[in-house]
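One structure is given here, and the rest of the page talks about it.
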Amino acid sequence: MLRRRFAVLFFIFLLTISLLALRLGQIGVGWGSELTRRAVNQRAVTYPLQSPRGQILDRNLVTLTAPEYHYSLVAFPSLLRDPRQTMVLLEQELDQSSPDLLTEVAGKREPLVIRRALTNQEREGVTRLALPGLVVIQEEERYGQNSLARHLVGYVSADGHGLAGLEKEF
């Protein structure tokens, strides 16, 4: 009698473990890629970078737009571990008041540019801090100081669409 009870209990235990293993296999194999995609989407944050337009060149292959590049500091608020401490450290590097930085970041989820056109010293200082949630990116200023024939080249809108001149045509 006791032996029969143990056999039934062992059978129920074995059946339960088998069902759990099957369910785990179904989740891992059947839904694995979908669950992985969902996990990445929960954690991933994007910041749209400018899509570079082609250069406008003269017949000697000299650029007429003369683009200039600068560095910008982008904050991803959802990735900041301690926003207050991060902003205090950043204040020391950028000579900008912490309350101003904190109010910019507070309550936001989408990435935002904290400062454009960082000096080399500021860029190196922020990079050296290696704070999570802060990224230094390189951005292009389409028309530099030495751009030629600006009236002929035209200009582009903030989203990169040509509004006048050659920029509009091409």
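Laboratory data are not the source of any read-out in this text; all were calculated from the coordinates shown. All of these numbers come straight from a predicted model, not from anything done at the bench. Because the Cβ atoms are built from the backbone with ideal geometry, glycine has one as well, and the counts that use them run over all protein chains shown.
Overview of values
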quantity: Qualifying residues in region 64-83 (those that are among the small types (Gly, Ala, Ser) and more than 17 Å from GLN96 (Cβ to Cβ)) - the one surrounded by the fewest Cβ atoms within 10 Å (Cβ to Cβ); calculated: SER78
quantity: Residues located in region 34-50, provided they are over 30 Å from LEU166 (Cβ atoms) and outside any helix (DSSP H, G or I); calculated: ALA44, VAL45, THR46
quantity: Qualifying residues in region 51-90 (those that are part of a strand (DSSP E or B) and within 17 Å of the chain's Cα centre (by Cα)) - the one farthest from LEU131 (Cα to Cα); calculated: TYR71
quantity: Criterion violated by GLN96 - all others in (1) at positive phi; (2) surrounded by 11 or more Cβ atoms within 10 Å (Cβ to Cβ) satisfied; calculated: (1)
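Here is a yes/no grid of residues against (1) in contact (Cβ under 8 Å) with a residue 24 or more places away in the chain; (2) assigned to a helix (DSSP H, G or I); (3) over 30 Å from ARG81 (Cβ atoms):
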| residue | (1), (2), (3) |
| --- | --- |
| GLY125 | yes, yes, no |
| GLY144 | yes, no, yes |
| LEU148 | yes, no, yes |
| HIS151 | no, yes, yes |
| LEU163 | no, no, yes |
| GLU167 | yes, yes, yes |
